[in-house]
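Read through the structure below, which is laid out as structure tokens, and then see the notes.
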Amino acid sequence: MTDFLDEKRKEIESRLRELRPLVDEYNRLEQASRALAGVGGQAQTRRRGGARRGTTTGRRRRGRPRGSGTRSIQALELVKAQPGITIRELADAMKIKANYLYRVMPTLEQEGKVKRRNGGWHPA
């Protein structure tokens, strides 16, 4: 019986030695993943008890980035077709409310796709 126990102990110790590098690698990768969680807007922190909060910066938006939807593309095409078009005219042409475009157009301007001149929007 002692031979059997000794043999099993040796097998276990041997297997532990084999697995140690993999466990160490797992721990390093887990630490790297946590460190990178805050890069590129993926930051999420955990409170005690495992409950999740929002992003750590408080500034990040949920959902897709501003100006990345089909409405912004449609608005840009209309601006290219009708330079000097106003937001109200854009809204009428797109059959949407103007307040949506008051968010979309400044984003397109920041991206350098359009410019605002004389109360209208022009292609950049």
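The values are calculated or read from the model by the stated rules, or taken from the named source; none is laboratory data. The shown structure was predicted, so the numbers you read here are calculated from the model rather than taken from an experiment. Cβ placement follows ideal geometry from the backbone for every residue including glycine, while neighbour counts extend to all protein chains displayed.
Just one of the numbered conditions (1) hydrophobic (A, V, I, L, M, F, W, C); (2) part of a helix (DSSP H, G or I); (3) touching a residue at least 40 places away in the same chain (Cβ under 8 Å) is not true of Trp121: (2).
Among the residues making up segment 1-20, those that are aliphatic (A, V, I, L, M) and either outside any helix (DSSP H, G or I) or surrounded by fewer than 10 Cβ atoms within 10 Å (Cβ to Cβ) (or both) are Met1, Leu5. Of all residues in segment 51-60, one or more are surrounded by 14 or more Cβ atoms within 10 Å (Cβ to Cβ) and modelled with pLDDT under 90.
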